[in-house]
Amino acid sequence: MTHGSLFSGIGGFDLAADWMGWNNKFHCELNPFGQKVLKHYWPNATSYDDITKTDFTIHRGTIDVLSGGDPCQRNSNANRSGEKVAESLGGEYIRAVRQIMPRWVIRENPAAIRKDAPWPAWRFAAELENLGYIVPTPFKLQACCAGGSIRRQRLFVLGYFPKSDSPGLERHERSEMAQPSKGGQNSNSTGPNWWDPAPRICTDTDGVSSKLDGITFPNWRNESIKGGGTL
């Protein structure tokens with residue numbers, strides 16, 4: 001299996017791909033700290049930085065699994081008062097999918113979103129369906145489900161092509177004519193009627209002691225946490 005990651009951070013999805021025995025073909029990360037980590041652990045993978053300036057067509061039809069968690073600050077309902085908020089790049093993720101047409105797509109983002117979120121999960125799923133993907137019911141996971149020390153609930157959207165479509169790109173090519181669906185920042189829609197995400201898979205609470213609240217981390221630690229997608 002071949003794997004490519006977008007908004008790669010310090011390589012969470014890439015590490016999971018390694019555990020699965022998959023071949024990491026490329027990663028895309030703008031943050032310099034994340035780039036160094038990715039290049040260290042996966043030196044043979046193609047490294048991209050700015051997704052808005054990257055053409056992924058060279059990978060068309062060669063990637064089995066494409067994963068990523070696009071910047072979530074404008075989608076999340078977390079309080080970001082006084083913080084510089086990254087632009088929503090859900091559209092860039094969809095553009096990459098359209099250029100690569102992987103067999104599987106995995107998108108990770110907040111489980112709780114703002115009412116005016118530009119790229120809520122239902123919109124991302126609708127765009128995948130426009131491209132011919134089948135999108136099962138999304139599901140929620142928490143970091144503590146995999147042994148993490150924090151709750152960090154996230155919503156995962158999966159899209160895949162049926163096995164019958166795998167021999168060629170004919171259906172993929174036809175999907176190029178699909179038009180983007182309406183929705184997002186200027187839409188009053190709350191999503192399709194079928195949109196009812198499955199409940200979270202585990203209910204563990206935050207495992208970090210309250211005595212650590214307010215602790216100050218040195219810069220490298222802060223970058224590591226941010227690269228993992230926690231900040």
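The values are calculated or read from the model by the stated rules, or taken from the named source; none is laboratory data. In this text, all values refer to a predicted model and were calculated from it rather than measured experimentally. Positions of Cβ are backbone-derived with ideal geometry, glycine not excepted, and every protein chain shown enters the neighbour counts. Just so you know, the surface numbers come from the protein's heavy atoms only, side chains and all, with ligands and any DNA or RNA stripped out. Shrake-Rupley method; radii C 1.70, N 1.55, O 1.52, S 1.80 Å.
Some notes on this structure:
For (1) at pLDDT below 65; (2) open to solvent by less than 60 Å² (accessible area, probe 1.4 Å); (3) over 15 Å from the mean Cα position of the chain (by Cα), each residue gets a yes or a no:
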| position | (1), (2), (3) |
| --- | --- |
| A125 | no, yes, no |
| E129 | no, no, yes |
| L141 | no, yes, no |
| E173 | yes, no, yes |
| A178 | yes, yes, yes |
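- The condition of being out of contact with any strand residue (DSSP E or B) (no Cβ under 9 Å at 6 or more places or on another chain) and modelled with pLDDT of 95 or more holds for only one of G4, G21, that being G21.
- If the condition is being in a loop (DSSP other than H, G, I, E, B), open to solvent by 10 Å² or more (accessible area, probe 1.4 Å) and not basic (K, R), then segment 91-121 contributes A111, A112, D116, P118, W119.
- Residues satisfying the stated conditions in segment 53-91, i.e. at pLDDT 95 or above and among the polar types (S, T, N, Q): T54, T57, T62, S67
- Hits in segment 35-57 - residues which are over 12 Å from D14 (Cα atoms) and either buried (at least 16 other Cβ atoms within 10 Å of the Cβ) or touching a helix residue (DSSP H, G or I) at 6+ places or on another chain (Cβ under 9 Å) (or both): Q35, T46, S47, Y48, D49, I51, T52, T54, D55, F56, T57
- Residues in segment 7-62 that are hydrophobic (A, V, I, L, M, F, W, C) and part of a loop (DSSP other than H, G, I, E, B) were compared, and the one that is nearest to Q99 (Cα to Cα) is F56.
- If the condition is being more than 16 Å from the chain's Cα centre (by Cα) and not hydrophobic (A, V, I, L, M, F, W, C), then segment 32-47 contributes P32, Q35, K36, K39, H40, Y41, P43, N44, T46, S47.
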